[in-house]
Amino acid sequence: MREERTGAADTERDRRGADAGAERDRPGAGAGAKKAGAGAKKGDGRRAETRLRLFTAAVEVIAEQGYAAATVDAIAERAGVAKGTVFYNFGSKEALFAALLEHGIARLAGALGEADTGQPALDALDSVVMAQLRFFEEYGAFARVLLAEMWRTAWQDAVARLREQALGVYAGVLGRAVTEGAIREDLDVDTAATAVFGMVLTVSIERRALHPDRPIEQLHATLVDLLHRRVSG
């Protein structure tokens, strides 16, 4: 009996193995799985596009109305999607804003980091200042949101990311300048990084609001002249 049962089990395993092999060898086998994978990637791409549309709409609405007054309905309408799409992607207005800050800060930090190409520190400082000016020229609404909204207690995680990622670029450049002897040794690098970032942010917003025709190069020349005089004095 044991040998009969063993033989039957072996036969069943062999049959299943043959069926599986035939399925693999069948022309077009695996095409369904490939199509499913392609469909998943396409779906991920569509969702990423939707999230970007919601980020764009949210930052515009919040910059115009303030976070407290901005509603999910207004954000959805601006994005051209149903209200449920906001909740499907983020769950709440608070989660949308937190994700927006994370996304924007990462892009800002990336732009500042790319501007520091390892040149002498003061030249790098000039480049990073210009990168920040250009970033906020392109993303003016995000600049206004940073200035007006993100310093609330509820967004301390975002403030910490801003300090670590974006202000960290300035701190690294200023620290290098101290090492190179280009600026005074007693400079508080972290405070200076915050001050420089805040100065460029404020000037960017003022330009968009009051002097939109003023060339960025003119602002940049004024800022770096001021910085060089103060940090190296």
| message | Just to confirm my numbers, what's the Cα centroid distance between the range 198-229 and the range 60-138 in Å? | response | 20
| Taking a 1.4 Å probe, which of GLU114, GLU180, GLU60 shows the most accessible area, and what order do the others take after it? | GLU114, GLU180, GLU60
| What whole-number value in Å² describes the accessible area per residue of the range 51-167 for a 1.4 Å probe? | 46
| said: Which order do you get for ASP213, ASP157, ASP73 if you rank them by accessible area with a 1.4 Å probe, largest at the top? | reply: ASP213, ASP157, ASP73
| remark: Between TYR67 and residues 5 or more places away or on another chain, the pairs with built amide H atoms under 5 Å apart involve none
| task | Can you sort TYR170, TYR88, TYR67 by 1.4 Å-probe accessible area, starting with the largest? | result | TYR88, TYR67, TYR170
| field | Globularity index of the range 157-230, i.e. its alpha-carbon radius of gyration over 2.2 N^0.38 Å | value | 1.22
| So if we plug the beta-carbon distance of THR153 and ALA82 into 1/(1 + (r/R0)^6) with R0 = 22 Å, what FRET efficiency do we get, rounded to 0.05? | 0.10
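The values are calculated or read from the model by the stated rules, or taken from the named source; none is laboratory data. Fair warning: this is a prediction, and the values are worked out from it, not measured in the lab. So basically every Cβ, Gly included, is an ideal-geometry build from the backbone, and we count neighbours across all protein chains shown. Accessible surface areas use protein heavy atoms only, side chains included; no ligands, DNA or RNA. Shrake-Rupley method; radii C 1.70, N 1.55, O 1.52, S 1.80 Å.
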